[in-house]
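The values are calculated or read from the model by the stated rules, or taken from the named source; none is laboratory data. Since the model is a prediction, treat every value here as computed from it, not as a measurement. Note: ideal-geometry Cβ built from the backbone for every residue, glycine included; neighbour counts use all protein chains shown. The area values use the complete protein model at the heavy-atom level, side chains included, leaving out ligands, DNA and RNA. Shrake-Rupley method; radii C 1.70, N 1.55, O 1.52, S 1.80 Å.
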There are 2 protein chains.
Amino acid sequence: MTSIRPRPATITDIARQAGVSTATVSYVLNDAPAGARIPEETRARVRAIADELGYVPHANARSLRTGSRDLVLYVHFDVVHGPLATGFLYEFTRALRDLGYTLMQYGAERHRGVKAARSWAALRPAAVIAGDDRLTPAGVALLLKAGIRVFGMGSDPAAAKGTGLSTLVMDHRAIGLAAGRDLLERGYRDLAVVVPVDPPLRVMGEGRLEGVREAAAEVGASVRVHEMAYSPGSAAGIVAAWGEEGLPEGVFGYDDEFAGLLLGALLDAGVDVPGRVGLMGADDVMLCRMLRPTLSSVRVESESPEEIARRVVESITEGTEVHLSPWSPVPVRRQT
Amino acid sequence: MTSIRPRPATITDIARQAGVSTATVSYVLNDAPAGARIPEETRARVRAIADELGYVPHANARSLRTGSRDLVLYVHFDVVHGPLATGFLYEFTRALRDLGYTLMQYGAERHRGVKAARSWAALRPAAVIAGDDRLTPAGVALLLKAGIRVFGMGSDPAAAKGTGLSTLVMDHRAIGLAAGRDLLERGYRDLAVVVPVDPPLRVMGEGRLEGVREAAAEVGASVRVHEMAYSPGSAAGIVAAWGEEGLPEGVFGYDDEFAGLLLGALLDAGVDVPGRVGLMGADDVMLCRMLRPTLSSVRVESESPEEIARRVVESITEGTEVHLSPWSPVPVRRQT
DNA sequence: AGGCGTTGGTTATGCGATTAAGCTAGGTTA
DNA sequence: TAACCTAGCTTAATCGCATAACCAACGCCT
């Protein structure tokens, strides 16, 4: 238990011990073609020493020398991810890795705009994927100027077109549309939609609302809107309001969790679900299958993460702007 | 829309444009004390050019030169995190940042043991925090040899003591103990405990089971054990088995999600919960408050993330082994 | 004997930054 | 007038690694 802090071994250490130059060590350890002219005997000796010292190449030093960038930075929303997003992220990480890139997640950034952009740019990633709540035009410009591709999650692809900002978004309007149509098919004409108050979620909620409105317009149904916080109390408040103004026939609860809270509040109020009120969530997480009565949902299926990774990498290598929206909504009816 | 891939500006670029040496630029941009001898006029010129070029220092180059390491690597379990873990991670990230460290999350590592350790070590982090399912003694040894502190999540602190491996664990035995005692206080003497089959979860499940057994032994109650997958079908299977062998009085469902699935299956089978069977989860996530009937739970409260960050940093700077178990269980009874 | 090819390496350079140690021109002091 | 400051820089080394270019020694051929 020596108290001297160990320093990682370097090729210089290996070279010294093996009695060769650092160049030779580098050639051997990288199986470099030029190193074909190093006899097996020397190679073995170098490798043995590297092994003994526990040598691991210094990724930063290497990429500084070669100028290569293989880091993709994923900056978390300031919102706790659902299992859907987390699962996608895992597979996406794997897919990127197979293409030679390393995806790192960076959470809870305190800054936004130029300040945040500077802290990301310091890491010299090949690309940054961040929520649009973290991005400002000036921040995006800074990153692009440094040759870093930027993907906005939640940014409007139409608005981004031509600015250099790429997008990787979920089409919330389409989700709302699918949910709305499903409720309308069940015969409901008096709909209610919940929109989260929490800022990062609100934007998505408004997109989903827009989709429901579009569906309702097709058949001339009405849509009420309620703001809701992610808490049982807020759900109870909305149900209480419905007590005053009359219950809606069909409710789209933004996602499964908000819908789940509404379900609890409805049951507490003695409302028959789905007999009196049909309730629909979105994301189709395991949660839906726990609730009794069950919850209908809109499952969001994503294109293969491999395909998305491929297109992101293409954008990096070509330096081009791409707009990806790899999720498509599939209604899952569990209520009759 | 030039198609030339832009390269980030360097201090050399700035120096050239400002007509000074790179040393001067470095002094100016770092407000170095030795740079006190650079007149405001020159400083302003350098800063203006840096700004115009969108200069951002190259973190890797800097840390290569200074030898400093400020990266803390958090390697995800191969399991989707619950909101509890995610929320903790956010605050922990912030706290570490305030202490000058950057926490990066790295997910879906395909390797384990030495192979994984090598890929982490290449990044020259100050510390690695990883699930014990990713760590082997050889891998830990490699990291320690490179001066990288290693924190095992889930590793047994008693076994780790003296090996150099630090631990950051949840005391699952204590959670089981709290759950068991709560159920026993309600008068139940015939208990059932669910253990997840999924390998990373199984270990935690067994720890929780041990705690329940300890509580049961105190009063001479019986404990049945059931393996369960995270699926409605598996839950239904267990409830069906109870149909054969008789219902238990109290059930500890490992966590809220497994307990939620069990609740659904019990209701489907027409079992009165909590009248006939008392059910308890753990983690006290929002889910508990959606379910009807409600679920009792064991909330796991963590010490302030700031305090944990402080102790992790202390371990890094001192090079010492620490054992942290900053979560304590608090039963939350929602069933009567 | 001189030229050539091959083997088995070495030397030198640079990636972007930091930083200790100089160096020069002008002014001040003895 | 020589010695000494001081301001305002610059030079050069270095971190760990990759890689193009070079070179010494040897054997072989002509």
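Points to keep in mind about this one:
- Across the stretch B:237-244, coupling constants 3J(HN,Hα) worked out from phi with the 6.51/-1.76/1.60 Karplus curve, θ = phi - 60°, read x, 5, 5, 4, 4, 5, x, 6 Hz, and Gly and Pro carry x.
- Total accessible area lost when B and A pair, probe 1.4 Å, Å² to nearest 100: 6200 Å²
- Less than 5 angstrom separates the built amide H of A:V298 from those of A:G281, A:A282, A:D283, A:D284, A:V332, all sequence-distant by 5 or more or on a different chain.
- Backbone geometry of the stretch A:200-216 corresponds, through the Karplus equation with coefficients 6.51, -1.76 and 1.60 at θ = phi - 60°, to 3J(HN,Hα) couplings of x, 7, 4, 4, 5, x, 5, x, 5, 4, 4, x, 4, 4, 4, 4, 5 Hz, x marking Gly and Pro.
- The amide H of A:R224, built 1.01 Å from its N in the peptide plane, has A:L191, A:A192, A:V193 as neighbours under 5 Å, considering only residues 5 or more places off or on other chains.
- For chain A, modelled as a GNM whose springs connect Cα atoms under 10 angstrom apart, the maximal fluctuation among A:V195, A:V312, A:V79 occurs at A:V79.
- Relative contact order, percent, the stretch B:172-300 [alpha-carbon distance under 8 Å, six or more residues apart]: 26 percent
- Across the stretch A:93-105, computed HN-Hα scalar couplings (Karplus, 6.51 cos²θ - 1.76 cosθ + 1.60, θ = phi - 60°) run 4, 4, 5, 5, 4, 5, 9, x, 10, 10, 8, 10, 9 Hz from first to last residue, x flagging Gly and Pro.
- At the residue level, A:K145 shows approximately 110 square angstrom of accessible surface with a 1.4 angstrom probe and all protein chains present.
- Looking at chain B alone, DSSP beta bridges between its own residues are antiparallel in about 15 percent of cases.
- Along the axis of the charge dipole computed for chain B (Cβ charges of +1 for Lys and Arg, -1 for Asp and Glu, origin at the Cα centre), the listed residues B:V28, B:S119, B:L247 are led at the positive end by B:V28.
- Where the alpha-carbon atoms of the stretch B:160-311 are placed on the principal axes, they occupy 51, 34, 28 Å, in descending order.
- Accessible area, probe 1.4 Å, largest first, for residues B:R134, A:R97: A:R97, B:R134
- Computed with the Debye formula from one identical point scatterer per Cα of chain B, without solvent, the log10 of I(q)/I(0) at q = 0.08, 0.09, 0.15, 0.16 Å⁻¹ comes to -0.53, -0.62, -1.17, -1.25.
- Estimated distance in nm for a label pair at B:E41 and A:M286, the labels positioned 7 Å out from Cα along Cα-to-Cβ: 7.0 nm
- Calculated [θ] (222 nm, deg cm²/dmol) that DSSP helices of n ≥ 4 give over the protein assembly as shown, each run adding -39,500 (n - 2.57): -14000 deg cm²/dmol
- Highest mobility in the GNM of chain A, judged by mean-square fluctuation with C-alpha springs under 10 Å and restricted to A:P274, A:P305, A:P33, is found for A:P33.
- Projected label points at B:N30 and B:V330, each 7 Å from Cα along the beta carbon direction, are separated by 4.6 nanometres.
- Reduced Cα scattering model of the protein assembly as shown, Debye log10 I(q)/I(0), q = 0.08, 0.11 Å⁻¹: -0.72, -1.22
- Note: relative contact order over chain A, using C-alpha pairs below 8 Å and six or more positions apart, is 14 percent.
- From the alpha carbon centroid of the stretch B:302-323 to that of the stretch B:1-62 is 36 Å.
- Placing pseudo-labels 7 Å out from each Cα toward the beta carbon at A:R310 and A:A61 gives an inter-label distance of 3.8 nm.
- Think of each Lys and Arg Cβ as +1 and each Asp and Glu Cβ as -1; about the Cα centre, that makes the dipole of chain A roughly 1520 debye.
- Nearest-20 debye value, the stretch A:1-51 charge dipole, Cβ charges on Lys, Arg, Asp, Glu: 180 debye
- Separation between Cα centres of the stretch B:215-233 and the stretch A:129-162, rounded to whole Å: 51 Å
- Of all DSSP bridge pairs formed entirely within the protein assembly as shown, close to 15 percent run antiparallel.
- Comparing A:R65, A:R311, A:R110 in a Gaussian network model of chain A, where Cα atoms under 10 Å apart are tied by springs, the biggest mean-square fluctuation is seen for A:R65.
- Size descriptor for the stretch B:242-319, Kirkwood hydrodynamic radius: 14.5 Å (Cα pairs only, one decimal).
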